[in-house]
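Structure record follows, encoded as structure tokens.
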């Protein structure tokens, strides 16, 4: 049940109406029931996985807290985290490790021992990873880390804890919510708040617009090119790669806006995930603005401990921590070498930015601000576009072929029809116009939050009309659902 | 419980605002939808025009039904010259069998053509969710054609409710409609009685393709195929099922193709198969790609099929 489906609209309206009719202290129960239904709707057989993780993390949290002395706490913590990671690895990475190992063994046998007997992948499992498993496990691990650190008490109410992990607006693709931010909200009664409700509804509308008017429209061109990249020219591949960045941003931030909006309509506040990353002036800044709930999760629980451990290395320790963190972050996206390369590319450029921090600061003093900012935005966008080719391609070989063709900078531009190109340009225009307005003219004027009711609502009326005419109603799922 | 500070006055004010907003959306939707409808009907060129003309205006004696292989391979003027009957190509690129059946329903509501050529292609009866999405060219005609409504409703269980919006039937057609209203488009993209010529030329060796790969058949498509044939027989329409040339050396039998052939044999319908025509298999220059002939190929094929139909009638 995706957010942009009529099934979800029916589900949400029923959930919402009953939610506000139920007394405040029992609303968590309704949230839990609705979330369980939402998750089990597509494939009920997957339901035991998140419920099992919730049960395990709940008892593990209590055990870690009650352990008493540090050694025992550490033991419980390591066993619990290893079990949760083990489950994630089993569902998501078993086939990857099996294929990579057999591929490596066969390569060694063929090249070094000149043996023609290759081993087959008999150990491959035929199980699809349950939806949202990466998000559920990361939230559970973050919760256990907080308890181990003593910064958050273990939740004693299983219903509240399960509602936190399974909360339907965020269960499939985040945000990677923190326990200390969300759990206290479950204990509040959440009376109906008109301002919050309408703000949520507006955010849902804008998220839906980004998904079905912008992302799914761009996807038509991008998929046509990337799915047959061998038949397309270098120029076409450059254009499709640039459009892909807009697509993935509109798709994922559209999903996040909808998740945050639905949560707001129920009276909950979820972590933001995006802060206009395509206008970041450096890759370091980009990762502070892109998928913020995940990058801060990695920052708090992965990067910082490594950086602290390697602090005697100085700058090298920071670079090491960045490189390892981003490679793992890339791998988190999926069991494919393409994601590892994507992550490593981020780690590589962040290392360079750390090394050249002082020089870049000196340079900023010598050149005009507009040039520095503009150059930074273009470089960051260009670098992310290049690395996103690995994110989009099926294999590293495919990505390398695409880059090789792009570097030839030749051939005609693929334009299927005038209508498709005009819609595509319109989609990119909507997104860039909105982002520029929010970044540079936020306080100058606002249509969405205009003080006049008529202006404000005319804006939303126009948005709905544009949506009805230009949306792709039979577009695909959200890109981040696969992670 | 709702917030106690939320009194009756607040509620009535917010409900009034919500009602006014809904009226604004309704009026805007009606206005924009009506403008799109006006210009949709005013089109004089392009595919949307051809679809509407096929459904609402043509009175041709011979109609060609099918998807891209129909639209881009049968030149009506050749058939007209050979049979001394009027002909129109109602085929449309990318459309599934549901579309052809809906088109037949709309045509039969107005008149009974003398002859129908139904194009047959590999995997025509394959189950695929995209087939249902590809009924979208029929959306602007939904309101005026009750006979096609059950077929359009196959798109989704909620399809009929989507027509509450007046813009929805014209979704993603804004630029197409605008371009098709331009006189210059009529000159640039002229179609020949529904036929759309392809201009490319293939330069590749013949490939061997195994078409016996198993796939799931769509029972709704099979049912509609049978009904298509039955309704033509009931109306005493001369029906020919034709498979135009492919530029591929096929191995095995395609499931849909075999089923269409069996149904044709059951109903005593002539099935004309050019899929392995030796002239075309030797001539890549007559193809735009491996499944569509170009304009030169279409001329040769249309002459062949026109001659075959003439012989069959005599």
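The values are calculated or read from the model by the stated rules, or taken from the named source; none is laboratory data. Note that the coordinates shown come from a computational prediction; the quantities given were computed from them, not determined experimentally. Don't worry about glycine lacking a Cβ; one is built from the backbone with ideal geometry, like all the others, and counts go over all protein chains shown.
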Looking across segment A:451-483 at residues that are over 18 Å from residue A:210 (Cα atoms) and modelled with pLDDT under 85, the single one that is farthest from the other protein chains (Cβ to nearest Cβ) is A:483
Residue A:109 passes all but one of the listed conditions (1) at pLDDT below 90; (2) over 30 Å from residue A:304 (Cα atoms); (3) touching a helix residue (DSSP H, G or I) at 6+ places or on another chain (Cβ under 9 Å); the exception is number (3)
In segment A:158-212, residues that are within 14 Å of chain B (Cβ to nearest Cβ), more than 19 Å from the chain's Cα centre (by Cα) and in a helix (DSSP H, G or I) total 9
| query | Does residue A:380 satisfy the condition of being within 20 Å of residue A:252 (Cβ to Cβ) and either touching a residue at least 40 places away in the same chain (Cβ under 8 Å) or surrounded by fewer than 17 Cβ atoms within 10 Å (Cβ to Cβ) (or both)? | reply | yes
With the first residue restricted to segment B:147-166 and required to be closer than 20 Å to residue A:9 by Cα and more than 8 Å from chain A (Cβ to nearest Cβ), and the second required to be at pLDDT 95 or above and part of a loop (DSSP other than H, G, I, E, B), Cβ contacts under 8 Å at 6 or more apart or on different chains are B:163/B:142
Heads up, the strands (runs of 3 or more DSSP E) in segment B:23-120 (entirely inside) with at least 1 residues that are surrounded by fewer than 23 Cβ atoms within 10 Å (Cβ to Cβ) are B:115-119
Counting only residues in segment B:127-145 that are assigned to a helix (DSSP H, G or I) and closer than 21 Å to residue B:40 by Cα, the one farthest from the other protein chains (Cβ to nearest Cβ) is identified as B:141
Looking across segment B:1-22 at residues that are facing chain A (nearest Cβ under 10 Å) and in a loop (DSSP other than H, G, I, E, B), the single one that is modelled with the lowest pLDDT is B:1
Within segment A:430-450, residues free of Cβ contacts under 8 Å to residues at least 12 places away in the same chain and not in a helix (DSSP H, G or I) come out as A:441, A:442, A:443, A:444, A:445, A:446, A:449, A:450
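Condition check ((1) crowded, with 20+ Cβ neighbours inside 10 Å; (2) without any contact (Cβ under 8 Å) to a residue 40 or more places away in the chain) across all residues:
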site	(1), (2)
B:249	no, no
B:252	no, no
B:274	no, yes
B:292	yes, no
B:300	no, yes
B:310	no, no
Note to self: Could you go through segment A:411-429 and let me know if any residue there is within 14 Å of another protein chain (Cβ to nearest Cβ), assigned to a loop (DSSP other than H, G, I, E, B), touching a residue at least 12 places away in the same chain (Cβ under 8 Å) and over 28 Å from residue B:170 (Cβ atoms).
What the structure shows: yes
Only unsatisfied item for residue A:221, checking (1) away from chain B (no Cβ under 14 Å); (2) modelled with pLDDT under 95; (3) closer than 30 Å to residue B:175 by Cα, is (1)
Checked segment A:10-37 for anything exposed (fewer than 13 other Cβ atoms within 10 Å of the Cβ) and within 13 Å of another protein chain (Cβ to nearest Cβ); matches are A:10, A:17, A:21, A:23, A:25, A:26
Scanning segment A:27-48 for residues that are at pLDDT 90 or above and over 24 Å from residue B:156 (Cβ atoms) gives A:27, A:28, A:29, A:30, A:31, A:32, A:33, A:35, A:36, A:47, A:48
Residue B:183 vs. criteria at pLDDT below 90 and away from chain A (no Cβ under 14 Å): yes
For residue A:407, indicate whether it is within 27 Å of residue A:211 (Cβ to Cβ), part of a helix (DSSP H, G or I) and out of contact with any strand residue (DSSP E or B) (no Cβ under 8 Å at 6 or more places or on another chain).
no
Check on residue A:55, free of Cβ contacts under 8 Å to residues at least 60 places away in the same chain and either part of a helix (DSSP H, G or I) or touching a strand residue (DSSP E or B) at 6+ places or on another chain (Cβ under 9 Å) (or both): no
Among the residues of segment B:276-288, the number that are loosely packed, with under 14 Cβ neighbours inside 10 Å and out of contact with any strand residue (DSSP E or B) (no Cβ under 8 Å at 6 or more places or on another chain) is 4
Residues of segment B:146-173 being in a loop (DSSP other than H, G, I, E, B) and buried (at least 18 other Cβ atoms within 10 Å of the Cβ), in sequence order, are B:165, B:166, B:167, B:171, B:172, B:173
Can you spot a residue in segment B:49-56 that is under 21 Å from the mean Cα position of the chain (by Cα) and either within 25 Å of residue A:465 (Cα to Cα) or facing chain A (nearest Cβ under 10 Å) (or both)? yes
For segment B:183-204, pairs from a residue that is at negative phi to a residue that is modelled with pLDDT under 70 and part of a loop (DSSP other than H, G, I, E, B), with Cβ under 8 Å and 6 or more apart or across chains, are none
* Asked: Is there a residue in segment A:136-156 that is over 16 Å from residue A:54 (Cβ atoms), within 14 Å of chain B (Cβ to nearest Cβ) and not in a loop (DSSP other than H, G, I, E, B)?
  -> no
